[in-house]
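Each reported figure results from applying straightforward, stated rules to the coordinates on display, with no laboratory input. Note that this is a predicted model, so its numbers are computed, not measured. In this analysis, Cβ positions are derived from the backbone assuming ideal geometry, glycine residues included, and neighbour counts consider all displayed protein chains.
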Amino acid sequence: SKNHKAAVYGIVEALRQRFERPIVLVPHCEDYSDDDHALLEGVLKENASYWPDVICLPKLCPAAHIKWVISKLHAFVGARAHATIAAFSSYVPTVSLVYSFKGEGFNHRLFNCLDYVVKKEQCEPEVIVEKLRLVLDNHDEIRKKLQEKMIEVRKGAMRAGHLLKRIISDKGLLER
């Protein structure tokens, strides 16, 4: 929609002007009714001559490739849960644009705060710029915190896996 295009344009332009760094647009959802790539690529094409430092990942880029690209970024600003999880699990300091409790929950669990969250009703370019400034100012501390938290998350996942295996085994559902 025109509103979404204007929002993307405003955010990208504000980030470009404030930080003067290359920007990678990362489309994550390519559902027929909710196509990030069409939106991001469309805005980029309309502004390509003004934005030589902005690129967009190609359509239908495999998830593993998207995660690899995200893992190489200095910082990430994202709205899609899987993309922000990719950033968190790769220790990339992230500003989460959240539209549900899920995004808030991830951030609260990782940081015990919502300092790096922009809620839907706050989603203005100036707010995102300030949150990214905060993330960049605390970059090393955030990366270290993510590394520590991911160790805990992985241990928890392994415990859950062992518990699930025991439950399945006790019920006779596991092949022997």
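Here the extension length gained between LEU136 and ASN47 equals 29.4 nm, from 0.36 nm per residue of separation less the Cα-Cα distance. Candidates GLN17, PHE111, ILE168 compared by Cα position along the dipole of the chain: farthest toward the positive end lies ILE168, with charges placed on Cβ. Only beta bridges with both residues in the stretch 2-170 are counted; by DSSP, about 20 percent of them are antiparallel. Using C-alpha pairs under 8 Å with a sequence gap of at least 6, the mean separation divided by the residue count of the stretch 80-176 gives a relative contact order of 27 percent.
Suppose the chain between ALA63 and SER169 were pulled fully straight at 0.36 nm per residue; how much longer would it get relative to their current alpha carbon spacing?
On the way: separation 106, 0.36 × 106 = 38.16 nm, distance 3.22 nm.
The span from ALA63 to SER169 would gain 34.9 nm if fully extended.
How big is the gap, in Å, between the Cα center of the stretch 4-70 and the Cα center of the stretch 104-154? So the two Cα centres are separated by 21 Å.
Between GLN147 and PHE19, what length comes free when the chain is fully extended (0.36 nm per residue of separation minus the Cα-Cα distance, one decimal in nm)? Intermediate results must be reported in sequence, preceding the final value.
On the way: separation 128, 0.36 × 128 = 46.08 nm, distance 2.54 nm.
My answer for the length gained is 43.5 nm.
Can you tell me, using C-alpha contacts under 8 Å and at least 6 residues apart, the relative contact order of the stretch 2-170 as a whole percent? Each step should come with its number before you reach the end.
Numbers: 184 pairs, mean separation 29.4, N = 169.
Normalised by residue count, the contact order of the stretch 2-170 is 17 percent.
Where [x] 9, 34, 33, 15, 7, 3, 0; [y] 11, 43, 35, 9, 0; [z] 7, 20, 16, 14, 13, 11, 7, 4, 3, 2, 1, 1, 0 are the candidate values, the label of the one calculated here for P(r) over Cα pairs in 10 Å bins from 0, in percent is [x].
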